[in-house]
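For reference, the structure discussed in these notes is given below.
The values are calculated or read from the model by the stated rules, or taken from the named source; none is laboratory data. The structure displayed is predicted, hence computed values, not measured ones. Cβ sites come from the backbone with ideal geometry, for glycine too, and all protein chains shown count toward neighbours. Please note that ligands, DNA and RNA were not included when accessible areas were found on the heavy atoms of the full protein model with its side chains. Shrake-Rupley method; radii C 1.70, N 1.55, O 1.52, S 1.80 Å.
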There are 2 protein chains.
Amino acid sequence: MRNLKIALEYDGTNYAGWQVQKQKTVQATLEKALRKILSENIRVIGSGRTDAGVHALEQVANFKTKSALPAQKIQAALNALLPDDIAVTKIEEVAPEFHAIRSAKSKVYRYTILNRRHRSALLRGRVYLCLFPLDVNAMRRQSRCLAGKHDFKAFCASHGSSKTTVRTIKNITVKRIPYRPFPYAQRQKELSLVVIDIEADGFLYNMVRNIAGTLIEIGRGRFAGGSLKKILLSRDRKRAGPTAPARGLCLLQVNY
Amino acid sequence: MRNLKIALEYDGTNYAGWQVQKQKTVQATLEKALRKILSENIRVIGSGRTDAGVHALEQVANFKTKSALPAQKIQAALNALLPDDIAVTKIEEVAPEFHAIRSAKSKVYRYTILNRRHRSALLRGRVYLCLFPLDVNAMRRQSRCLAGKHDFKAFCASHGSSKTTVRTIKNITVKRIPYRPFPYAQRQKELSLVVIDIEADGFLYNMVRNIAGTLIEIGRGRFAGGSLKKILLSRDRKRAGPTAPARGLCLLQVNY
């Protein structure tokens, strides 16, 4: 059995997330295409679930196959068969012990907020529109207390199934960047996007979206200074802000 | 009558271009929304037609109305009524003589080519995938002869209806830029996008797409050195390259 590592880019808008369930998912769509190409039942292991509507610049998965078909041929066949909102950006043979979840050292997510008075046509489905001006400095200052090893229970959806709610955030940044609905040029002077990047050794269910939702409340001035630390220490989901919508979230990369 | 200037952003994928015709167009969609808001038949003048599938970061139009509704109210109402692939980014009252076509000094278009071996999920419908490695230096070198005032008949679709085929290209640049399916972070080291930016006082029918198609042939090494100048001077459409697909084209801005 060969073990293949696969990198995927997808627009999550039309999917009920990554994992196989009754509705159309990225994993099921990928497994169906692989079954056709390799004439074999393939079970794909993803580095983690992404929710309905969440995007990926580089999701990583692995699967075992008896097929001797070269990796590049499998990639080309997948890109021909898969719908246009899922693309395979890389595929390579790896050691038998490589496991997309267990071998992952960290993952990086980005949450993108469009902070202006009107919506975007070109970034629709990829950003969360916040009409209220956000104080990015306050968001950044307060976000710092999340870096490091902590119990993130306050930011974990109540139906999360993890054994422990302790995780390590290796890096968290909050910044304002130009509106630039790629591949199009920058609209001058419009710094209307706010991005929150979080790298952690693992993420609880809805953790990034709950942190983003809380930081948005802070940016709007609705939580008193220092309160993010209090929320974190409280381990109480009810004290944190609302869950920010899925469409603003993107899995940027998985580090091994 | 007030004269209102309106800036629009749109994803052209689902439209038969800008101008009113039998299929769904951006202009018709906008006029329908304005009729609803202002209870008046509104005729919108766009700075120029964009073809089916062509996008706009900033298309400009103007229209006359008897309504006294403040511009910001009209903008908010339009963004509430218009489908999510069209957004009004600005609206302001201008002098009665302002005319979106006649007052325009120049327009800037960008053509974007994805130059790698596999397609993109996040930029689907917004780039043209070219699998053959492009020699961007050759494209840039040859493109220089197009700058200035010339007869661009060789790059004008035969069914173009302009009185003269002389136009002035104020600026043309060809460059390789990082793959960065905004609002997502840059994928390291992947310089897989080639963008052609053209600013001119006016454009003939399919002019940018015909220049892009010809430059792609040059980048693939299929035209001998110096030939772009020969094609230009020939004024013969048959000597130029094919028309590059609409989806790679975006109207970036209109200067007044």
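Of the Cα atoms belonging to the stretch B:143-232, the radius of gyration and Dmax stand at 15.2, 48 Å. Restriction of the GluC sites (Glu not before Pro) in the stretch B:164-256 to DSSP coil positions whose beta-carbon has at most 13 other beta-carbons within 10 angstrom yields B:E190.
Go through B:K107/B:K189; B:K64/B:K163; B:K36/B:K90 and tell me which ones have a Cα-Cα distance over 25 Å in this structure. Table pairs above 25 Å Cα-Cα are B:K107/B:K189; B:K64/B:K163. Give the separation of the Cα centroids, the stretch B:111-178 to the stretch A:235-250, in Å. Taking the Cα centre of the stretch A:235-250 as reference, the centre of the stretch B:111-178 is 44 Å away. Once the Kirkwood radius over Cα pairs is known for chain A, the Stokes-Einstein relation at 10 °C and 1.306 mPa s delivers a diffusion coefficient of 82 µm²/s.
Taking beta carbons within 10 Å but only from partner chains, what does the mean come to for residues A:3-9? The partial results should precede the final answer.
Numbers: counts 0, 0, 0, 0, 1, 1, 11.
Taking all residues of A:3-9 together, the mean is 2.
Solvent-accessible surface of the stretch B:96-189, taken per residue with a 1.4 Å probe and all protein chains present: 50 Å². Taking chain B as a Gaussian network of alpha-carbon nodes connected by springs under 10 Å, the highest mean-square fluctuation of the residues B:A157, B:A95, B:A244 belongs to B:A95.
With +1 on each Lys and Arg Cβ and -1 on each Asp and Glu Cβ, and nothing else charged, work out how big the dipole of chain B is about its Cα centre, in Debye to the nearest 20.
Values: 45 positive and 19 negative charges, 160 e Å.
Roughly 760 debye, rounded to the nearest 20.
When the alpha carbon gyration tensor of the protein assembly as shown is reduced to an equivalent ellipsoid, the three semi-axes, largest first, read 42, 32, 19 Å. Chains A and B together bury roughly 3700 Å² of accessible surface, counting both sides and using a 1.4 Å probe on protein heavy atoms. List, shortest first and in nm to one decimal, how far the label point of B:V166 (7 Å from Cα along Cα→Cβ) is from its counterparts in the other copies. Label point to label point, same position, other copies: 7.9 nm. Of the accessible area of the stretch B:2-94, computed with a 1.4 Å probe over protein heavy atoms only, carbon and sulfur atoms account for 50 percent.
Of all chain A residues, the closest to the A-onto-B rotation axis by Cβ, with that distance in whole Å, is A:F182, 1. Between copies, B:A68 shows label-point distances of 8.4 nm, shortest first, with the point placed 7 angstrom from Cα along Cα to C-beta. Considering only A:T65, A:T173, A:T164, the Gaussian network model of chain A with Cα springs below 10 Å gives its largest mean-square fluctuation to A:T164.
If you average the sequence gap of Cα pairs under 8 Å that are 6 or more apart and divide by the length of the stretch A:58-140, what percent do you get for the contact order?
Details: 47 pairs, mean separation 17.4, N = 83.
That works out to 21 percent.
Can you list the aspartates and glutamates whose alpha carbon sits under 13 Å from that of B:K175, skipping same-chain ones fewer than 8 residues off? Leaving aside aspartates and glutamates fewer than 8 places away in the same chain, those within reach of B:K175 are B:D135, B:D197. Across the stretch A:90-97, computed HN-Hα scalar couplings (Karplus, 6.51 cos²θ - 1.76 cosθ + 1.60, θ = phi - 60°) run 7, 8, 8, 7, 10, 4, x, 7 Hz from first to last residue, x flagging Gly and Pro. Between amide H atoms placed 1.01 Å from N, distances below 5 Å from A:R220 occur with A:D135, all of them 5 or more places distant or on a separate chain. Straight-line cross-link reach from B:K230 at under 19 Å between alpha-carbon atoms covers these lysines, not counting any fewer than eight positions away in the same chain: B:K149, B:K153, B:K238. Structure remark: mean-square fluctuation, Gaussian network model of chain B, C-alpha springs under 10 Å; the largest value among B:R117, B:R167, B:R237 belongs to B:R117.
Cross-link partners of B:K5 among aspartates and glutamates, defined as those whose alpha carbon lies under 18 angstrom from its own and excluding same-chain residues fewer than eight positions apart: B:E31, B:E40, B:E58, B:E92, B:E93, B:E97. Farthest toward the positive end of the dipole of the protein assembly as shown, out of A:V20, A:A147, B:G125, is the Cα of A:A147, where the dipole comes from beta carbon charges about the Cα centre.
Residues of B:79-92, mean number of Cβ from any other protein chain within 10 Å of their own Cβ, rounded to a whole number? Don't jump to the answer; show the numbers that get you there.
Numbers: counts 4, 1, 0, 2, 2, 5, 4, 2, 7, 3, 9, 1, 1, 0.
Whole-number average of other-chain Cβ neighbours for B:79-92 is 3.
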